[in-house]
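Asker: Following this message is one structure expressed as structure tokens.
The values are calculated or read from the model by the stated rules, or taken from the named source; none is laboratory data. All of these numbers come straight from a predicted model, not from anything done at the bench. Here the Cβ is made from the backbone with ideal geometry for all residues, glycine too, and neighbour counts use every protein chain on show.
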Amino acid sequence: MLFTKGLLAAVVAYIAFLVYQSHSLDNKRNAIELAFLQSWRDYTRHGWDADVYRPISKAKSNMYGSDSKPLGWIIVDSIDSMLLMYNSSRKNQEHFKTEILRVEDWVSTKLDYDIDVSVSLFETTIRMLGGLLSAFYLSDEMNIGDPSIYLAKATDLANRMLPAFENTATGIPYSSINLHTGVSEKNHVDDGASSTAEFTTLQLEFKYLSAITGDDKYWRAVEKVYKPLYEENNLIDTYKGLAPIYVYPDTASFRGRNVRLGSRGDSFYEYLLKQYLQSHETLYYDLYRKSMEGVKQHLVSKSSPNGLVYIGEREHGLFGPLSSKMDHLVCFMGGLLAMGATEGLHISKAREQAFWDTKREEDWILAEELTYTCYQMYHQIPSGLAPEIVVFNDQISSSTHGWWKSEKGDFYVKPADAHNLQRPETVESIMFLYHLTKDQKYRNWGWEIFQAFQKHSGQSCKPSDAECPYTCISNVLADPPTKADNVESFWLAETLKYLHLLFQDDIDLSSIVFNTEAHPFPIITPEQTKNGTLLNTGWSFD
Ligand code: DMJ
């Protein structure tokens, strides 16, 4: 007999466990798909084609004062989430197909970027150009609809934004561009300085467009920003690769010394690594490495009493005091460090590669620690939703009067920072860490966070409800949390997409790269470029 009775029972129990696990995985994905469809249908029914939608009052408007022509802010940002969910859904495939084709029709017949308004170069690139390009990529892969519609629209939009890189002597663009006239405008505040994260977070999108059209003008334009940024400021030696958050576009010099990985700083670091992942140009990995060493040396600290690892801020430069404030935005760093260490391979495999070294091991440990901290920013809040900003207990800050203190004493929340915009960064890192480790704890964390969103942002809608007005939260500390009347496009584009990917198997993180708005592009190889040649870096240090 091949099996003894005991062994047979164990095998049967194991098979039953696997079947249960795959059912529960299907059920979790299904719950996330339903949340997406409910939130999306609430928008299509009450806010259709507007750029700004208020789910509670059902008010809608367009951006930048243009009433007649929407930019597709919510629609275009959401397409690839629907394509990805369509591709793996067990129960909702037909629903997603209907929505995808409705959107494609709208993009081809209504969306017109010849709009006489000045738009944010950064936001329009990451959300609209990124959304159209990944819709092109995925609709082609999945053989649904006509990918050329998305590519044509993406090319038109990119051509309208391209003058931004010609309009300054340095090549560092002003923050806005008029889509009709091609005239750029400086930031109206901050002395006209551009945000560092904004002009260094355009490259993946324009480079991918060059690869698929065979026209290198997009690639050449966007990489121009780096040489002046690094050389003018001696960014590596003087600043240890940690760029202050404002740059004067006409001279490339920094405005102030404020260094942080939260707003205005974050995706500068993200796109250094991701350009390396996208086309394997080692220059970008080297720049990323310098910055990460700077982060570890100057910005990382631990809270009291339990040693939660966080990334602080240096408002007055690297030799000023370290502030223990951390934006939720910084929580993308766990996933980034993990991808930088492993290049998308499972951690056990990555450790066997020739590239593995002590620095990558340190990055990996930091990635796990930060992701744990970011999870705690949800878990230790009674509502289960993280605030926009926390201040860690560094035993130095004296005035914490009126601030909420976490039960274990490791962090505070100021009343003005207690809102939650349904941001993605924590579930983004959890998704990366899960696929790079297959450690079930990450799925447990993600599920806990999703349920808190269902309960509070989704006002406990029932799964059978066709629509549900998912909304941002104005105070996560109130009981029950108070609702804001707003939904951000990244709720559909990023947060729900990353949660859905967390509960999928067989995700190959080494073959795709996500832009900062969670729009996936394939890694660029010679076979994937239109004319079969690999584009690469056109600049180096003097
Ligand atoms: C998104 O638009 C992008 O992820 C951006 O890089 C940072 N902020 C939001 C989400 O929080």
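Asker: Which of the residues that make up the stretch 423-440 are under 21 Å from Leu329 (Cα atoms) and among the hydrophobic types (A, V, I, L, M, F, W, C)?
Answerer: Matches in the stretch 423-440: Val427, Ile430, Met431, Phe432, Leu433.
Asker: Further question: I'd like to know if the stretch 57-66 contains one or more residues that are modelled with pLDDT of 75 or more and part of a helix (DSSP H, G or I). Show your work before the answer.
Answerer: To start, the set of residues in the stretch 57-66 that are modelled with pLDDT of 75 or more comprises 57-64.
Narrowing further to those that are part of a helix (DSSP H, G or I): 63-64.
Yes, because at least one residue in the stretch 57-66 is modelled with pLDDT of 75 or more and part of a helix (DSSP H, G or I).
Asker: Can you find a residue that is modelled with pLDDT of 95 or more, over 21 Å from Trp106 (Cα atoms) and surrounded by 14 or more Cβ atoms within 10 Å (Cβ to Cβ) anywhere in the stretch 34-43? Reasoning before the result, please.
Answerer: Just the residues of the stretch 34-43 that are modelled with pLDDT of 95 or more, to begin with: 34-43.
Still in the running and over 21 Å from Trp106 (Cα atoms): 34-35.
From what's left, surrounded by 14 or more Cβ atoms within 10 Å (Cβ to Cβ): 34-35.
Yes, some residue in the stretch 34-43 is modelled with pLDDT of 95 or more, over 21 Å from Trp106 (Cα atoms) and surrounded by 14 or more Cβ atoms within 10 Å (Cβ to Cβ).
Asker: Here's something else I'd like to know. Give the stretch 188-203 a look and list any residue that's more than 14 Å from Leu329 (Cβ to Cβ) and within 12 Å of the ligand (Cβ to nearest atom), or say none.
Answerer: Of all residues in the stretch 188-203, those more than 14 Å from Leu329 (Cβ to Cβ) come to 188-194, 199-200, 202-203.
Once the filter is applied, which keeps residues that are more than 14 Å from Leu329 (Cβ to Cβ) and within 12 Å of the ligand (Cβ to nearest atom), the stretch 188-203 yields Thr200, Leu202.
Asker: Wholly within the stretch 381-478, which strands (runs of 3 or more DSSP E) include no fewer than the required count, namely at least 1 residues that are within 30 Å of Leu37 (Cα to Cα), within 16 Å of the ligand (Cβ to nearest atom) and in contact with a Gly (Cβ under 9 Å, 6 or more places away or on another chain)? I'd like the intermediate steps shown before the answer.
Answerer: Details: elements: 389-392, 411-413, 473-475.
The qualifying strands (runs of 3 or more DSSP E) are 389-392.
Asker: Can you run down the residue pairs with Cβ atoms below 6 Å, 6 or more apart or on separate chains, where the first is in the stretch 190-203 and small (Gly, Ala, Ser) and the partner is within 12 Å of the ligand (Cβ to nearest atom) and in a helix (DSSP H, G or I)?
Answerer: Ala197/Asp266; Ala197/Ser267; Ala197/Phe268
Asker: Restricting to the stretch 515-542, what's the tally of residues that are free of Cβ contacts under 8 Å to residues at least 24 places away in the same chain and either part of a loop (DSSP other than H, G, I, E, B) or closer than 22 Å to His346 by Cβ (or both)?
Answerer: 3
Asker: From the list Leu534, Leu496, exactly one residue is aliphatic (A, V, I, L, M), under 22 Å from Gly130 (Cβ atoms) and within 16 Å of the ligand (Cβ to nearest atom). Which is it?
Answerer: Numbers: Leu534 fails: within 16 Å of the ligand (Cβ to nearest atom).
Answer to the check: Leu496.
Asker: Do the conditions hold for Glu315, that is, is it surrounded by fewer than 21 Cβ atoms within 10 Å (Cβ to Cβ), among the acidic types (Asp, Glu) and closer than 21 Å to Glu368 by Cα?
Answerer: Values: surrounded by fewer than 21 Cβ atoms within 10 Å (Cβ to Cβ): yes; among the acidic types (Asp, Glu): yes; closer than 21 Å to Glu368 by Cα: no.
Considered against the rule, which asks whether it is surrounded by fewer than 21 Cβ atoms within 10 Å (Cβ to Cβ), among the acidic types (Asp, Glu) and closer than 21 Å to Glu368 by Cα, Glu315 comes out as no.
Asker: Continuing with this model, one more query. Of everything in the stretch 114-140, what is in contact with a strand residue (DSSP E or B) (Cβ under 9 Å, 6 or more places away or on another chain) and either more than 16 Å from the ligand (Cβ to nearest atom) or assigned to a loop (DSSP other than H, G, I, E, B) (or both)? Give them in sequence order. Write out each step before concluding.
Answerer: Looking only at the stretch 114-140, we keep the residues that are in contact with a strand residue (DSSP E or B) (Cβ under 9 Å, 6 or more places away or on another chain), and these are 115-122, 124, 128, 130, 133-134, 137-138.
Ile115, Asp116, Val117, Ser118, Tyr137, Leu138 - these are the residues of the stretch 114-140 that are in contact with a strand residue (DSSP E or B) (Cβ under 9 Å, 6 or more places away or on another chain) and either more than 16 Å from the ligand (Cβ to nearest atom) or assigned to a loop (DSSP other than H, G, I, E, B) (or both).
Asker: While we're looking at this one, here's another question. Determine whether Thr426 is out of contact with any Cys (no Cβ under 7 Å at 6 or more places or on another chain), hydroxyl-bearing (Ser, Thr, Tyr) and under 25 Å from Ile512 (Cβ atoms). Walk me through it before giving the result.
Answerer: Numbers: out of contact with any Cys (no Cβ under 7 Å at 6 or more places or on another chain): no; hydroxyl-bearing (Ser, Thr, Tyr): yes; under 25 Å from Ile512 (Cβ atoms): yes.
Here the answer is no, as Thr426 does not meet what is asked.
Asker: Only residues in the stretch 414-442 that are modelled with pLDDT under 95 count as the first member; pair them with residues that are more than 14 Å from the ligand (Cβ to nearest atom), Cβ under 6 angstrom, at least 6 apart or cross-chain, and list the lot.
Answerer: As it stands, the answer is none, since no pair meets every condition given.
Asker: Might you let me know whether the stretch 334-355 holds any residue that is at pLDDT 95 or above, under 18 Å from Val476 (Cα atoms) and away from the ligand (no atom under 16 Å from the Cβ)?
Answerer: Of the residues in the stretch 334-355, the ones at pLDDT 95 or above are 334-355.
From what is left, the residues that are under 18 Å from Val476 (Cα atoms) are none.
Scanning the stretch 334-355 turns up no residue that is at pLDDT 95 or above, under 18 Å from Val476 (Cα atoms) and away from the ligand (no atom under 16 Å from the Cβ).
Asker: Name every residue in the stretch 173-197 that is more than 24 Å from Ser291 (Cβ to Cβ) and acidic (Asp, Glu), in order of residue number. Steps first, please.
Answerer: Restricting attention to the stretch 173-197, the residues satisfying the condition of being more than 24 Å from Ser291 (Cβ to Cβ) are 174, 176-186, 188-189, 191-192.
Answer for the stretch 173-197, where residues must be more than 24 Å from Ser291 (Cβ to Cβ) and acidic (Asp, Glu): Glu185, Asp191.
Asker: Quick one: which of Asn143, Asn167 is in contact with a strand residue (DSSP E or B) (Cβ under 7 Å, 6 or more places away or on another chain) and either in a loop (DSSP other than H, G, I, E, B) or among the basic types (Lys, Arg) (or both)? I'd like the intermediate steps shown before the answer.
Answerer: On the way: Asn143 fails: in contact with a strand residue (DSSP E or B) (Cβ under 7 Å, 6 or more places away or on another chain).
Unique residue meeting the criteria: Asn167.
Asker: Only one of Leu261, Leu272 is within 16 Å of the ligand (Cβ to nearest atom), among the aliphatic types (A, V, I, L, M) and closer than 19 Å to Glu369 by Cα. Can you tell me which?
Answerer: The conditions single out Leu261.
Asker: How many residues are surrounded by 24 or more Cβ atoms within 10 Å (Cβ to Cβ) and either of a type in the set (S, T, N, Q) or more than 11 Å from the ligand (Cβ to nearest atom) (or both) when one looks only at the stretch 323-333?
Answerer: 2
Asker: Can you tell me which of Phe432, Phe411 is crowded, with 23+ Cβ neighbours inside 10 Å, farther than 27 Å from Leu509 by Cβ and either touching a helix residue (DSSP H, G or I) at 6+ places or on another chain (Cβ under 9 Å) or β-branched (Val, Ile, Thr) (or both)?
Answerer: Numbers: Phe432 fails: farther than 27 Å from Leu509 by Cβ.
It is Phe411.
Asker: Looking at the stretch 97-144, which of the residues that are more than 22 Å from Pro70 (Cβ to Cβ) and not β-branched (Val, Ile, Thr) is surrounded by the fewest Cβ atoms within 10 Å (Cβ to Cβ)? Spell out the reasoning first.
Answerer: In the first step, residues of the stretch 97-144 are kept if they are more than 22 Å from Pro70 (Cβ to Cβ); the result is 97, 137-138, 140-144.
Narrowing further to those that are not β-branched (Val, Ile, Thr): 97, 137-138, 140-143.
Working: Lys97: 16, Tyr137: 23, Leu138: 26, Asp140: 16, Glu141: 13, Met142: 14, Asn143: 7.
Among them, the one singled out is Asn143.
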